[in-house]
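Worksheet: the structure to be examined is printed underneath.
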Amino acid sequence: MALADTLVDDFDALDFLRMLCERCVELLDVAAAGVVLSDQRGGLRMAAASSERAELLELFAVQTEDGPCIDCIRTGAPVASTDLSGDTARWPRFTAAAHECGFHAAQAVPMRLRGAVIGALTLLNHDHTGVDAASTTIGQALADVATIGMLQQRTVHEAETLSEQLQTALNSRVIVEQAKGILSAHSDILDMEAAFITLRSYARNHNQKLSITARMVAEGTLEVDAMLGKPATTRDTR
């Protein structure tokens, strides 16, 4: 399984969580997936998603503290809605946002480590029939693998290591969003989703961490035009 390939000493937690979301879409009968994590201060942060729409929805859930993922993290138990239109009283803001994003069903499963919930994986569907039992079961298994993976390379000071890795992933996501915006602004055809794919492809092709490549773009130390296949700009030296 591709997720297991990242369980090494120097894996990129941000790319790892994005891969988790993408594998859920590939392997399960779901339209999208997102991950929300607890940060060092006990707050919640959107960490990764399989698409821009899923990212916006999970970010909105965190900002409004409303939705299945929030309840899942708070209770440590799976939270499901087979038809979000019927749960407007339960999650008024989340259901409205989900409708705008084209999602009508959600299943959140906890990311747990020895009883401590560090986050939630949310599976989203376009139709009103919910997320089936098989997808939910496999989704929970993938969430468990991801949680173990965050600590696989450390056996000492596990709680401290987990906290550092989660915070690094959350901080890196901010830099990635900045880099995506810069790439999109430099291109006439790249939306934010395509900008992310371009960013990650460049990182992998050059054997770099996604977070490092993103930081180089954000700081202006990586030539954006070269990444986009544009000819280098000639400077007037007169």
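The values are calculated or read from the model by the stated rules, or taken from the named source; none is laboratory data. Note that this is a predicted model, so its numbers are computed, not measured. We place every Cβ from the backbone using ideal geometry, glycine too, and count neighbours over all the protein chains shown. Surface areas here come from the heavy atoms of the whole protein model, side chains and all, with no ligands, DNA or RNA. Shrake-Rupley method; radii C 1.70, N 1.55, O 1.52, S 1.80 Å.
For this structure, a couple of remarks:
- Whether the range 65-114 is rounded, prolate or oblate, judged on the alpha carbon gyration tensor where a/c under 1.5 counts as rounded: prolate
- Where chymotrypsin sites (Phe, Trp or Tyr not before Pro) fall in DSSP loop in the range 40-140, at most 12 other Cβ within 10 Å: none
- The charge dipole of the range 20-140, taken about its Cα centre with unit charges on the Cβ of Lys, Arg, Asp and Glu (plus for the first two, minus for the last two), comes to roughly 520 debye.
- Which of M192, M227 is most accessible, then next, and so on - probe 1.4 Å: M192, M227
- Whole-angstrom gap from the range 82-100 to the range 190-225, using each part's C-alpha centre: 35 Å
- Rolling a 1.4 Å probe across all protein chains gives E100 an accessible area of roughly 140 Å².
- Two-site label geometry, H99 and A133: point separation in nm, points 7 Å out along Cα→Cβ: 3.1 nm
- Placing R90, R23 in order of accessible area, with the largest value first and a 1.4 Å probe, yields R90, R23.
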